Amino acid sequence: MRRLTASVLKAALPAALYYARVLPTMPTPTRAGWVDGGLCPFHADRHRGNFRVHLTTGAYGCFACGAKGGDILAFHQASTGQSFQGSLRDLAEQFRLGSGDWP
Ligand SMILES: [Zn+2]
């Protein structure tokens, strides 16, 4: 039985896949690294270009409101208000990682 840890989750769930799913206004990326994340989910954003996500590390940042974090777990916690452990479980469930064998 695997334990669900941040590194297990991040190995199983690429940041590019996660952000493509949760950021409906993100344009299809045409390159790696930092890309346009579409409209910022952390403020009432009406103009593209402020919100960036990193497709490899999962880091995110907004030039307008200052929201930022280092990985998809930080993003998920901030965007859903869940705890670290809650975010881990929620992501494993949403993306059907493993088969419910997490502790
Ligand atoms: Zn913002």
Notebook entry, point to check: Is there a residue in the stretch 26-43 that is of a type in the set (F, W, Y) and out of contact with any strand residue (DSSP E or B) (no Cβ under 8 Å at 6 or more places or on another chain)?
Noted result: no
Check: In the stretch 50-75, how many are within 16 Å of the ligand (Cβ to nearest atom) and within 9 Å of the chain's Cα centre (by Cα)?
Finding: 5
Next item on the list: Quick one: count up the residues across the stretch 44-84 that are open to solvent by less than 20 Å² (accessible area, probe 1.4 Å) and out of contact with any strand residue (DSSP E or B) (no Cβ under 8 Å at 6 or more places or on another chain).
Entry: 4
Item checked: Answer from T5, T30 - the residue that is more than 16 Å from the ligand (Cβ to nearest atom), free of Cβ contacts under 8 Å to residues at least 40 places away in the same chain and of a type outside the set (D, E) -> T30
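The values are calculated or read from the model by the stated rules, or taken from the named source; none is laboratory data. These numbers come from a predicted model, not from an experiment. Positions of Cβ are backbone-derived with ideal geometry, glycine not excepted, and every protein chain shown enters the neighbour counts. We work out accessible area using only protein heavy atoms, side chains counted, and drop any ligands, DNA or RNA first. Shrake-Rupley method; radii C 1.70, N 1.55, O 1.52, S 1.80 Å.
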